[in-house]
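Asks: This is the structure I want to talk about, given as structure tokens.
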Amino acid sequence: MPYTKVMIHFIWSTKNRIPIITSELKLLLLLHIKENSKTKEIFIDTLNCVDDHIHLLISLGTEQTISKIAMLIKGESSFWVNKQKLIKQKFEWQDEYIALSVSESAIDKVRQYILNQEEHHKKKTFTQEYNEFLKLHGFSNKSFG
């Protein structure tokens, strides 16, 4: 049996960064993503969202890929929100995302960063945060905004 521990920090926004995740929707959405991920054997360590984006810390299984995990979570969760009619407008996630590897020594720092999103975004917009992540991790030729 292989032993792997590949931690990935995912970040993606709602379609066009529309702030449609209310506090009521947030509770239902995060709970649903956790429960649905368990059925798909997606191992979510930490997750949190604010009104226009989500952060997840996920441990990849031996047969999982970054793109497949993002597709499964994004596609299924948006389908579920719309099927349940939890908001009046159509719920969609943006196509693009950031996926960053996380070293063992940085896991606690990333967990705290994810859990403190509300506080963090009192000082910085999602676009600012996203562009900083792109620059910090060498994607400087891209910009979101």
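The values are calculated or read from the model by the stated rules, or taken from the named source; none is laboratory data. A quick note: this is a predicted structure, and the numbers were derived from the prediction, not measured. Backbone-built Cβ (ideal geometry, glycine too); neighbour counts: all protein chains shown.
Asks: Being free of Cβ contacts under 8 Å to residues at least 60 places away in the same chain, buried (at least 16 other Cβ atoms within 10 Å of the Cβ) and touching a strand residue (DSSP E or B) at 6+ places or on another chain (Cβ under 8 Å) is the filter here; which residues of region 52-72 pass it?
Replies: Within region 52-72, I54, L56, L57, I58, S59, L60, I66 qualify.
Asks: Being modelled with pLDDT of 95 or more and among the charged types (D, E, K, R) is the requirement here; does E76 meet it?
Replies: yes
Asks: So, one more: Could you please find all residues in region 1-23 being of a type in the set (V, I, T) and not in a strand (DSSP E or B)?
Replies: Those that are of a type in the set (V, I, T) and not in a strand (DSSP E or B): T4, I18, I20, I21, T22.
Asks: Within region 73-86, restricting attention to residues that are of a type outside the set (D, E, K, R) and within 12 Å of the chain's Cα centre (by Cα), which residue is nearest to V6 (Cα to Cα)?
Replies: Ranking the qualifying residues of region 73-86, first place goes to I73.
Asks: Then there is this: Take the residues of region 97-127 that are touching a strand residue (DSSP E or B) at 6+ places or on another chain (Cβ under 7 Å) and not in a helix (DSSP H, G or I): which is surrounded by the fewest Cβ atoms within 10 Å (Cβ to Cβ)?
Replies: Among those residues, the one meeting the criterion is S101.
Asks: I've got another one for you. Contact list please: Cβ distance under 6 Å, first residue in region 1-25 and free of Cβ contacts under 8 Å to residues at least 40 places away in the same chain and surrounded by fewer than 18 Cβ atoms within 10 Å (Cβ to Cβ), second residue hydroxyl-bearing (S, T, Y) and not in a loop (DSSP other than H, G, I, E, B), pairs at least six apart or on different chains.
Replies: none
Asks: Please verify whether region 24-41 includes one or more residues that are in a strand (DSSP E or B) and within 13 Å of the chain's Cα centre (by Cα).
Replies: No: region 24-41 contains no residue that is in a strand (DSSP E or B) and within 13 Å of the chain's Cα centre (by Cα).
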